[in-house]
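Visitor: Provided herewith is a single structure, encoded as structure tokens, for subsequent inquiry.
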Amino acid sequence: MRKSWLAATILTACAAATSLPAAAQTTLKMAYALSTSSHYGAGADAMAKSIEASSNGKYKVQQFANSALGGEREVIEGLQIGTIDLAIVSTGATLNFVPETGVFDIPFLLRDLQHARTVLDSKIGQDMLAKFPSRGIVALAWGEQGFRHLTNNVRPVKTPADAKGLKIRTTENPIHITAFRQIGILPTPMAWPEVATALQQGTIDGQENPLSVITSAKLSQMQKYLSLTGHVYGPALVLMSANVYEGLSAADKANFDKAGKDSALAMRAYVDNIEKTGVEQLKKEGMQVSEVDRAAFAAAVEPAYPEYYKKFDKKLIDSIRDTK
């Protein structure tokens, strides 16, 4: 009798233990276009570690790299409807949602990384982030890609004349397209997932991207010539679905705000490192690297500025240029 009572007690205890609710954990989907070994991957890792630590494991970030959830436009639309929770994207993708972000894509407007970061961290950049919630998106922080450079398979490019007639993939960014046409380049807007195939098939002669992308995407395997044009600074944005963010407690919102900033800092650190090591790496991988007459390129796109003044407030452009 005692044995059966003991057995029943143990069974009851086990049943009670198994019926206790497990600590709730929410898994969030985070999308980005590049590989996990890229600056976007570095930013995503930093975000995941930050939010998992600050929430004591309440939130877990599942990463979808290499455009696994679609191109950047589809990802932003996913944020709006809540099928994607977090993302890192380029400003080429945000133009259709918050057009003002395109001002940072004006060629030769930002002088160097320090100038760019100072502008983005200032009231200018922070006011821009504040425009996102009205579009169903929360912009947690400005990330970074670095300055964009030109690659191609036809010839070395050192002057604007060398670039004329080259068919170059661009982002779907009218600001970039206007500048390339001014130089005489034939811009070919194309979603990033299509670029490798287009290069291999010779549909395009080349592309333009920061060293962070050129190295992580292994473009040295597809492109012969690299020209250090530094023609435009490439920001990135750490975004979150407003549906998710607005449902958080004040403490969780603060944690996500911090995680966004941690993500941005990780991207900046990645870019700093690749700016020091990337060119030598690409040379070792077989690319022919050319310094360019940057002043000549800047002069070549100067006639496009009246178009930019029509799109953006001239005072805003001047305030960015004048930021020390």
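Visitor: Looking at 285, 275, which one is open to solvent by 40 Å² or more (accessible area, probe 1.4 Å), under 27 Å from residue 140 (Cβ atoms) and acidic (Asp, Glu)?
Guide: 275
Visitor: At pLDDT 95 or above, more than 16 Å from the chain's Cα centre (by Cα) and more than 25 Å from residue 109 (Cβ to Cβ) - does that describe any residue in the range 258-271?
Guide: yes
Visitor: Report, by residue number, each residue of the range 98-142 that is within 18 Å of residue 261 (Cβ to Cβ) and among the acidic types (Asp, Glu).
Guide: 121, 127
Visitor: Within the range 63-98, which residues are among the charged types (D, E, K, R), over 18 Å from residue 189 (Cα atoms) and in a helix (DSSP H, G or I)?
Guide: 77
Visitor: Going through the range 288-310 one residue at a time, which ones are open to solvent by 70 Å² or more (accessible area, probe 1.4 Å) and farther than 20 Å from residue 206 by Cα?
Guide: Answer for the range 288-310, where residues must be open to solvent by 70 Å² or more (accessible area, probe 1.4 Å) and farther than 20 Å from residue 206 by Cα: 295, 302, 303, 306, 307, 309, 310.
Visitor: Taking the range 305-324, which residues are of a type in the set (A, V, I, L, M, F, W, C) and in a helix (DSSP H, G or I)?
Guide: Result: 316, 317, 320.
For every residue, the table says whether it meets (1) open to solvent by 10 Å² or more (accessible area, probe 1.4 Å); (2) without any contact (Cβ under 8 Å) to a residue 24 or more places away in the chain.
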| site | (1), (2) |
| --- | --- |
| 95 | yes, no |
| 101 | no, no |
| 109 | no, no |
| 118 | yes, no |
| 123 | yes, yes |
| 127 | yes, yes |
| 137 | no, no |
| 147 | yes, no |
| 153 | yes, no |
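Visitor: Whether any residue in the range 162-171 is open to solvent by less than 10 Å² (accessible area, probe 1.4 Å), part of a loop (DSSP other than H, G, I, E, B) and modelled with pLDDT of 95 or more is what I want to check.
Guide: Yes, the range 162-171 contains at least one residue that is open to solvent by less than 10 Å² (accessible area, probe 1.4 Å), part of a loop (DSSP other than H, G, I, E, B) and modelled with pLDDT of 95 or more.
The values are calculated or read from the model by the stated rules, or taken from the named source; none is laboratory data. Since the model is a prediction, treat every value here as computed from it, not as a measurement. Cβ: placed from backbone, ideal geometry, glycine included. Neighbour counts: every protein chain shown. Accessible surface is based on the protein model in full, side chains and every heavy atom, while ligands, DNA and RNA are left aside. Shrake-Rupley method; radii C 1.70, N 1.55, O 1.52, S 1.80 Å.
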